[in-house]
Amino acid sequence: MSTVSLTCALGLLAVNLAFWAGRAGHEGPWAEAVYWAGQLLIVTPIAARLVSRRPPSSTESVGLVGLLVLAEYAVKFCYSPLMWTFPDELEHWRSTEDILRTGRLFTVNYALPISPGYPGLENVTAALSSITGLSVFVSGTVVVGVAHLLLVALLYAVFHRLSRSTRVAGIGALVYAMSPHFGSFDSMFIYQALALPFLALATYAVLVLTEPRESSETQHKTGWWVTLVLSVLTATVAHHVTSYVLAALLALFTVVTAVRSRWATIHVPALACGLTVAAAVAWIHFAAPTTLDYLAPTVEGLTGHFALTGVSAGSSLPGGPLANQMLILIFIGALAVLLAYGASLLWRRGRPDTGATTFLVASLSFYPVLVLRLISDDGAERAGRAFTFVFIPVAWVVAVGVVHLIRKPSPGAGARRARDVMAVGLAATMFAGSIASAWPPYWERLPGAYQVGGFERSVSPQGIAAADWARSALGPGNRFGVDFSNGALLGAYGRQDPVRDASTLYYSPVFGPDQRAYAASASVRYLFVDRRLAQSLPVSGSYFAVDPDAGQRTKPIPLSSLDKYARLAGVDRPFDSGDIVVYDLNELLNAQ
């Protein structure tokens, strides 16, 4: 264990060396190589020990899993160790700051209006910040880190409960760490991060309460019922989709229990499912009435993709460098094969218990999500978010299949060693593939200089300064036309109301009747113009959150199109830093 820990530390050091190179302007093939070498140093020794023919003890297995979680969380932290830079994190930071400033929940957040309706993460972070005096950034980093570690620990317990095998639990946790969003979205300061461990805890409580055999845990049913109820309520308050996924999993558990005629325990998943649905409906009605409107576009998009009507079904095959594409395809292909093998193995064993059957059926949702990944023009993002939940049953089923393969006898010592090397190599390659398909994308994998139309690397001191000026000089809640990257800063730091589909005000070479009509209909008072947009095409393919030219432009926005407002009568320029200009359109729009 000490050797593995030392190797992981060296891997983390290598990753940080690559990050330093990116910040210093030395990003390139060698920096990328150092980054990948560091990641492999982190995961390879852990994978080697977990899949070795000599199984680790329960203590060592838990330690290995915890080491992997902490190391990958440290990688995420070291990418931006002084502040949050991903848009979603900035938006939740805004909600937390508002709680501390006003002492109230459910304040207005123009950057992410749904965030105040699910204040679980923000409330816990605000409480820790108030008690300790730590900044919101430090407090949130601690809260999310604990939640992330707790999630994997609870999943380990769930997998062990289903299989009664330390080896299956350890490998299952390793496979779950291959979920594309494990090291990014699931460990970010985003409301889902706090809800996920309570989904796992509720699942574990149901498994205990439906246990047919008497055990020390089942003797304390009242305590487990309390745990289940509190877990459901916490998940509901923390994140909408997590509570819906929990309800779906409990509904499936109820159906499987009924099909298996386990009438003595069917009340457990049925009552838990009913409580989850009731809590979700009540929370929407009384606390977060905008939830359905917020989720409607996503639901309509998914329906359209699978119905093949109303929505474009563009390809979302892996992009970027060839090595990146190959890693992703190997990862997806190997996972699909291992899942099929594990599922067939469980099926051939005949009549597994209710929990195992539930997870087996749930794991098959991987395949339609994979189809969504391939046919949807934004399938990588949607599938990645879905995989956070789908990988819970998938990881367990795959682990069952992998353990069966490990235990198969080999014809000789040489063949056994070769198989062990292949197993470790496949695990490391799959983990690399999960990173290649995850966030940040290949063009932002290393921190570095400002990029047009990016995410973390589009957060700049100029943008923050302009957003701070808007808050102090203009007051909150003004309607701003703004590009995508600066929109998060303007909403979070500036407490303004970003207009996310104002592309016509930037793309058009003139301010004509169409632009005037749009600005009036969208109530745009100010324009936030970042003149650096003219430097290059956006690395993400889009200049704006809603961009009709996404992925279609062959040249950057002409600087003359961005500067046209400086030549218009009736346009005031209250802020100008050189790179960023704020225009006041009030007099222009009110002129007859």
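The values are calculated or read from the model by the stated rules, or taken from the named source; none is laboratory data. Everything quoted here is computed from the prediction, not taken from an experiment. Neighbour counts are summed over all protein chains in view; Cβ atoms, including those assigned to glycine, are modelled from backbone coordinates with ideal geometry. These accessible areas exclude ligands, DNA and RNA; they are computed on the full protein's heavy atoms, side chains included. Shrake-Rupley method; radii C 1.70, N 1.55, O 1.52, S 1.80 Å.
Tabulated data
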{"item": "Whole-number D in µm²/s for segment 222-266 (Stokes-Einstein; Kirkwood sum over Cα pairs; 37 °C, 0.692 mPa s)", "result": "283 µm²/s"}
{"item": "Distance histogram in 5 Å bins (all Cα pairs of segment 447-592, percent per bin)", "result": "2, 10, 21, 25, 22, 14, 5, 1, 0, 0"}
{"item": "The chain - accessible surface per residue (Å², probe 1.4 Å)", "result": "41 Å²"}
{"item": "Between helix 413-436 and the chain: long-axis angle, C-alpha atoms, 0 to 90°, nearest 10", "result": "20 degrees"}
{"item": "For the chain, the longest site-free run once trypsin sites (Lys or Arg not before Pro) in DSSP loop states with at most 11 other Cβ atoms within 10 Å are removed", "result": "214-592"}
{"item": "Cut-off 13 Å, label 7 Å out along Cα→Cβ of R349, residues of segment 165-195 by amide N", "result": "165-169"}
{"item": "H267-D420 pseudo-label distance in nm [points 7 Å out on the Cα-to-Cβ vector]", "result": "5.2 nm"}
{"item": "Assigned charges on the beta-carbon of Lys, Arg, Asp, Glu; segment 395-465 dipole about Cα centre (debye)", "result": "480 debye"}
{"item": "Projected area averaged over orientations for segment 119-278, convex hull of C-alpha atoms, nm²", "result": "10.1 nm²"}
{"item": "MRE, 222 nm, helices only [DSSP H, n ≥ 4, -39500 (n - 2.57), over the chain, to nearest 500]", "result": "-21000 deg cm²/dmol"}
{"item": "Computed Kirkwood radius, in angstrom, where 1/r is averaged over Cα pairs of segment 103-193", "result": "14.9 Å"}
{"item": "Spin-label model distance (nm) - A9 vs L559, 7 Å beyond Cα toward Cβ", "result": "5.1 nm"}
{"item": "Computed log₁₀ I(q)/I(0) - Debye formula, equal Cα scatterers, no solvent, segment 464-532, q 0.21, 0.22, 0.23 Å⁻¹", "result": "-0.82, -0.88, -0.95"}
{"item": "Range of Cα positions in segment 355-404 per principal axis (Å), largest first", "result": "37, 19, 15"}
{"item": "Accessible-area value, F511, 1.4 Å probe, nucleic acids and ligands omitted, Å²", "result": "30 Å²"}
{"item": "Cα gyration tensor of segment 500-556 - equivalent ellipsoid semi-axes, whole Å, descending", "result": "21, 11, 11"}
{"item": "Probe 1.4 Å - accessible area at T504, Å² to nearest ten", "result": "50 Å²"}
{"item": "Under 21 Å from K555, Cα to Cα: lysines that are on another chain or at least 8 residues apart", "result": "K564"}
{"item": "Cα-based equivalent ellipsoid of segment 1-140: semi-axis lengths in Å, sorted from largest, via gyration tensor", "result": "36, 21, 12"}
{"item": "Kirkwood Rh, angstrom, the chain [1 / mean 1/r, Cα pairs]", "result": "25.6 Å"}
{"item": "Hydrodynamic radius (Kirkwood) for segment 1-81, which is based on Cα pairs only, to one decimal in Å", "result": "13.2 Å"}
{"item": "Cα-derived Rg to Rh of segment 525-592, Kirkwood definition", "result": "1.02"}
